[in-house]
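The values are calculated or read from the model by the stated rules, or taken from the named source; none is laboratory data. Quantities reported herein were computed from a predicted structural model and do not represent experimental measurements. In this analysis, Cβ positions are derived from the backbone assuming ideal geometry, glycine residues included, and neighbour counts consider all displayed protein chains.
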Amino acid sequence: MTSATRNTLIVLGIILLVVGYFAFQAIMHPATVTNESPAAAAFAHSSSTDTFTDFSGNPANLDQHLGTVIVAHAWASWVPTSPQSLQDLQRLQTEFETQSVTVLAINRGEPLRTARSFLDSLNITTLRLIADDDDQYFTNVGGRTMPETIFYDQNGEIVHHARTMLTMPELRMYTRQAIAATEGNNETLDNIEFP
């Protein structure tokens with residue numbers, strides 16, 4: 001066996017392992033789950049020390065956004081889909097700016113300088129940027145994969161939890177569902193810390 005053949009077999013073996021891993025993950029953890037994440041109960045029982053800030057260092061919590069539909073997106077610069085996801089979310093924020101929709105881009109514990117540099121390279125300027133230094137949000141919502149995007153209605157109830165990158169049509173569809181779902185919810189997330 002030549003060294004070129006051996007190297008080709010090694011590369012093919014690695015590719016098969018990677019594909020097998022992702023296939024296993026897709027089977028064991030469906031990409032999109034509706035209403036699986038904890039809503040009011042999880043945040044009500046979160047530690048009073050759970051704190052979030054925006055990228056300017058100001059406190060951020062759910063009370064600031066109740067009354068609007070919230071699209072919360074967990075991201076990090078090391079996630080390959082983050083550039084496209086963040087650009088799509090910025091478009092979504094612009095498209096729905098007159099319909100009481102707040103898009104929160106929640107960074108998963110990266111140094112602020114790293115996150116800011118990444119956002120500057122993408123020209124991301126209109127999203128509400130949240131620094132989650134301790135990765136509390138991702139933990140509180142039962143995060144498993146990246147990216148994860150959660151759509152909350154105006155009362156703070158989860159309408160949809162996506163565990164995969166969403167296309168623009170999907171972002172629009174789930175945002176509209178969250179707008180439509182506001183009526184009929186009985187439970188709200190009053191006085192609960194949240195980005």
So is R128 of a type in the set (K, R) and modelled with pLDDT under 90 or not?
yes
Quick one: would you say I70 is at pLDDT below 95 and either over 13 Å from the mean Cα position of the chain (by Cα) or not assigned by TED's automatic domain parsing to the domain that holds G57 (or both)?
no
So which residues in segment 110-135 are under 27 Å from I179 (Cβ atoms) and under 15 Å from the mean Cα position of the chain (by Cα), if there are any at all?
L127, R128, L129, I130, D132
Scanning for something in contact with a strand residue (DSSP E or B) (Cβ under 6 Å, 6 or more places away or on another chain) and in the same structural domain as S77 (by TED's automatic domain parsing), does segment 117-126 turn up at least one residue?
no
Select, from E157, E148, the only residue that is assigned by TED's automatic domain parsing to the domain that holds E95, acidic (D, E), farther than 12 Å from V71 by Cβ and surrounded by 19 or more Cβ atoms within 10 Å (Cβ to Cβ).
E157
Kindly indicate the residue of segment 78-108 that is under 13 Å from the mean Cα position of the chain (by Cα) and small (G, A, S) and also nearest to F151 (Cα to Cα) among those meeting that condition.
A105
